[in-house]
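Have a look at the structure below before the remarks.
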Amino acid sequence: MPSISTLNSSQFLLKTTFFFFFFFSISIFSLVNARSIKSTHHHSIELDESLTYLWPLPAQFTSGNDTLTVDPNLTLDLTGNSGSGGGSVVVEEAFERYKKIIFKHGSKLAKSGEYFDVNRVSVIVHSDNDELQLGVDESYSLLVTKSNERSIIGGVSIEANSVYGALRGLETLSQLCKFDYGVKTVQIHKAPWFIQDKPRFAYRGLLLDTSRHYLPIEIIKQIIESMSYAKLNVLHWHIIDEESFPLEVPSYPNLWKGAYIKSERYTVEDAIEIVDFAKMRGINVMAEVDVPGHAESWGAGYPDLWPSPSCKEPLDVSKNYTFDVIAGILADMRKIFPFELFHLGGDEVNTTCWTTTPHVKQWLQDHNMTAKDAYQYFVLKAQEIAISHNWTPVNWEETFNNFPSKLNPRTVVHNWLRGDVCAKAVASGFRCIWSNQGYWYLDHLDAPWEEVYYAEPLEGIKSISEQNLVLGGEVCMWGETADASNVQQTIWPRAAAAAERLWSDKETTSSRNTTSTALQRLEYFRCLLTRRGVPAAPVTNFYARRPPLGPGSCYEQ
């Protein structure tokens, strides 16, 4: 699926040549102008106080002119309909995480007799159910007022229908809290705040590729944590591909012989830990097993899955054994991944091996199939296996482009190649996820933040009923040129631009945002990420993940 496969050699050469001269010119510019860069940044930066520095922008909000102080001993008052606090562990742990973020600076304890306007956060959750699935209610309301003897709110009130709505409210609250270095106190400006918020799309994803480069568990957790700051809610874990098979599969233990090295693997326990970590942050994990192409690594442990030792992809369609292995993988993975969506790939299938390997060619003839027929047969058989495990199958758009009338009606079409595929898919009654590679492939390092920000998943879809079939979208972090050293700089801040498109009401962002104000807000959020320990790159550098060109404030990079 990565974009490099969509470039022919001449295009790749042109791009490479361009970037060489670009880097060369930037280097010369940096050396010659180092002195002038330094002097131009020797002034204080003033933020535009007329802007609302919340990312993603809430659906509805009002604010005032008061500045409130926040008690370092901030307490949580959590209640639910049943009196048990409704999934309290999720909210309580989130509250403690956000307290550490909010009170990172200054004294952790209030001085005796010191008065604060905000001393407690009241969270009301209307459901005890903490199951996390597609479409879980993430709406919330947030009220921030000054505490006084007549107030029953106690400073901050968050109300939500689910614990995951409460999480989104806590994130918004954390962004309102700012440390004042002069008085060494956390403050909330422009109070009172009243915010009513809900996501525009149910599915707001980030694809992470751990096949092209192994990513340690700690890095994956850091990425999941950072996703919650932008209110993304699905990690699409592209665990395996033709290059490596790092996941343990108990039913077929030799599969992870396809890992690059024995130490670059994920145990079942590792995967469960990642899923649990994500759930506590309101993030589902959708796993992908890409078949029948992109699967050469499977044969390192089970060579019979290859059509032949010299022709290793796609998987051998002629053997029942191939589908036994797929069934074993999916049965084991169902114990790990509770999310209702499961990605079966189905992209970039070159059937040459099937037509040139004698026994497969004979099988095709015996079954009166063309190679395209066999491709369809394989995809549909894999879908049947996934559905038997109560999963909803997701497939890359090539399956829809080639045999739309044959796909299971439950199929979610994942659009990546052409801009009009979601429109065609929903017109045919399928649900769709939008990841147009021209804008939302993060390995396209020359895609600027504006193009990411203004890309529209509902483009060309006028009917409300068809718009409702677009689940949302995701940005894709393909891993050919990204590993633990630079993956987060490549994801952020451009992923945040897509996150606001997926969360925020389009009319709200259009009426409150020009390109310049959106940029200021995104630069602010990028600095918020870096303050929280996320290595987010500068926003406006032409080439993503490039470091700053010279001295200056984070807010001007």
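So here's what we get for this one:
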item: Cysteines without a disulfide-compatible partner [the chain; Cβ-Cβ under 4.7 Å]; result: Cys177, Cys476
item: Exposure ranking of Cys554, Cys422 by accessible area [1.4 Å probe, largest first]; result: Cys554, Cys422
item: Förster-model FRET efficiency, 45 Å R0, Ser388 and Glu480, C-beta, rounded to 0.05; result: 0.85
item: Asn254-Lys104 pseudo-label distance in nm [points 7 Å out on the Cα-to-Cβ vector]; result: 5.0 nm
item: Axial C-alpha extent at least 15 Å, average Kyte-Doolittle at least 0.0 - helices from the chain (DSSP); result: 9-32, 88-102, 163-176, 217-229, 268-279, 320-334, 371-388
item: Beta bridge orientation in the stretch 203-501: antiparallel %, DSSP, nearest 5; result: 5 percent
item: Stretch gain in nm, segment Ile217-Asp420, where the contour uses 0.36 nm per residue and the Cα spacing is subtracted; result: 69.4 nm
item: Asp446-Ser263 FRET efficiency (beta carbon distance; Förster radius 30 Å; 0.05 resolution); result: 0.30
item: Per-residue ³J(HN,Hα) for the stretch 309-318, Karplus 6.51 cos²θ - 1.76 cosθ + 1.60, θ = phi - 60°, Hz, x for Gly and Pro; result: x, 9, 9, 9, 7, x, 4, 5, 6, 7
item: Anisotropy class of the stretch 312-397 from Cα gyration tensor, a/c 1.5 cut; result: prolate
item: Solvent-accessible area of Ser510 with every protein chain in place, 1.4 Å probe, in Å² to the nearest 10; result: 80 Å²
item: Segment Val183-Asn65, extension gain: residue separation times 0.36 nm, minus the distance between their alpha carbons; result: 40.6 nm
item: Distance (nanometres) between label positions extended 7 Å along Cα→Cβ at Lys319 and His359; result: 0.7 nm
item: Amide H within-cut-off set for His414, under 5 Å, with H built and near neighbours excluded; result: Asn395, Trp396, Glu397, Ile433
item: Carbon/sulfur fraction of accessible area - the chain, other protein chains in place, 1.4 Å, %; result: 53 percent
item: Per-residue HN-Hα couplings for the stretch 429-437 [Karplus 6.51, -1.76, 1.60; θ = phi - 60°; Hz; x = Gly/Pro]; result: x, 8, 7, 9, 10, 9, 9, 3, 4
item: Sites Thr540 and Arg512, calculated FRET efficiency, Cβ-Cβ separation with R0 22 Å, nearest 0.05; result: 0.60
item: Built amide H within the under 5 Å cut-off of Leu76, gap 5+; result: Val121
item: Distance from the stretch 276-299 to the stretch 88-104 (C-alpha centre basis), Å; result: 28 Å
item: Virtual paramagnetic centre 7 Å along Cα→Cβ of Lys381, amide N under 14 Å, in the stretch 321-358; result: 321-328, 354
item: Computed lengthening from Tyr454 to Val89, 0.36 nm per intervening residue step minus Cα-Cα distance; result: 127.7 nm
item: Beta bridges by DSSP in the chain, antiparallel share as percent, to the nearest 5; result: 30 percent
item: Hz values of 3J(HN,Hα) by residue in the stretch 122-137 - Karplus curve (6.51, -1.76, 1.60), Gly and Pro given as x; result: 9, 10, 10, 10, 8, 8, 8, 7, 9, 5, 10, 9, 4, x, 4, 5
item: Mean accessible surface per residue for the chain, computed with a 1.4 Å probe while every protein chain stays in place, in Å²; result: 41 Å²
item: In nm, spacing of pseudo-spin labels at Asn350 and His367 (7 Å Cα→C-beta vector); result: 2.2 nm
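The values are calculated or read from the model by the stated rules, or taken from the named source; none is laboratory data. For clarity, every value in this text was computed on a predicted model and none was experimentally measured. So basically every Cβ, Gly included, is an ideal-geometry build from the backbone, and we count neighbours across all protein chains shown. We work out accessible area using only protein heavy atoms, side chains counted, and drop any ligands, DNA or RNA first. Shrake-Rupley method; radii C 1.70, N 1.55, O 1.52, S 1.80 Å.
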